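Some notes on the structure that comes next.
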Amino acid sequence: IEGITHSLCSLEFEDHRPLYDWVLDNISIGHHPQQIEFSRLELLYALTSKRKLQALVNDGAVTGWDDPRMPT
């Protein structure tokens, strides 16, 4: 529908894949996105929580999401 070519998600959403496949099979689109599940990346000594990173941005501890110190 929206021209999506790839669907990337962590393994926590793997249980939703049958429903996702069912929806794709029951709508008329020309191409089904390639689906890839991966395990979550855990970095030592680095914040990866979006909520905690947003707090750093809001508090001015970093210059923004493009700050080189951000793991994004």
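The values are calculated or read from the model by the stated rules, or taken from the named source; none is laboratory data. Computed from a prediction, not measured in an experiment: that's the story for all the values here. Note: ideal-geometry Cβ built from the backbone for every residue, glycine included; neighbour counts use all protein chains shown.
In table form, for the structure just shown:
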| read-out | value |
| --- | --- |
| Tally of residues being part of a helix (DSSP H, G or I) and under 18 Å from Phe38 (Cβ atoms) across region 1-20 | 8 |
| Selection count, region 30-58, where residues are assigned to a strand (DSSP E or B) and not β-branched (Val, Ile, Thr) | 4 |
| Output for region 1-56, where each listed residue is aromatic (Phe, Trp, Tyr), in contact with a Ser or Thr (Cβ under 8 Å, 6 or more places away or on another chain) and farther than 30 Å from Asp67 by Cβ | Tyr20 |
| So Ala61, is it modelled with pLDDT of 90 or more, part of a loop (DSSP other than H, G, I, E, B) and of a type in the set (A, V, I, L, M) | yes |
| Leading residue by the ranking (nearest to Gly3 (Cα to Cα)) among those in region 15-72 that are exposed (fewer than 11 other Cβ atoms within 10 Å of the Cβ) and of a type in the set (Asp, Glu) | Asp25 |
